[in-house]
1. Condition first: open to solvent by less than 80 Å² (accessible area, probe 1.4 Å) and among the basic types (K, R). Now tell me which residues in segment 14-39 satisfy that.
2. Out of L42, L11, report the one residue that is open to solvent by less than 100 Å² (accessible area, probe 1.4 Å), part of a helix (DSSP H, G or I), touching a helix residue (DSSP H, G or I) at 6+ places or on another chain (Cβ under 7 Å) and more than 19 Å from K74 (Cα to Cα).
3. Among residues belonging to segment 45-60 that are open to solvent by less than 40 Å² (accessible area, probe 1.4 Å) and more than 23 Å from Q76 (Cβ to Cβ), point out the one that is farthest from the chain's Cα centre (by Cα).
Amino acid sequence: MRKKVYTKEELNDLKAWFVGRKLPKTMQLGKSVFIPDVEDTLQRLFDQADVCFENPKMQGCLFMLEDIKSELEKLQA
């Protein structure tokens, strides 16, 4: 089950994880999500997360950021 609401600290921790990481240009998340520009997508997701991280109905951007992080951890392991 996914977390319902993130704190500002958790959002900052997630941002910090991505700093300095080597990112692929594109990424496939599962069968249905293709990201053609990972760097741009991360920036847009974090922009959205900064605005709505406390709103439990607007957590999709944070869930996607967690999914991208998880996929990168698999690729870099």
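The values are calculated or read from the model by the stated rules, or taken from the named source; none is laboratory data. All values derive from a computational prediction rather than experimental measurement. Positions of Cβ are backbone-derived with ideal geometry, glycine not excepted, and every protein chain shown enters the neighbour counts. To get the accessible areas, we keep the full protein, side chains included, count just its heavy atoms, and leave off ligands, DNA and RNA. Shrake-Rupley method; radii C 1.70, N 1.55, O 1.52, S 1.80 Å.
1. Selection gives K15 alone.
2. When all the criteria are applied, what remains is L11.
3. By that ranking, first place goes to C52.
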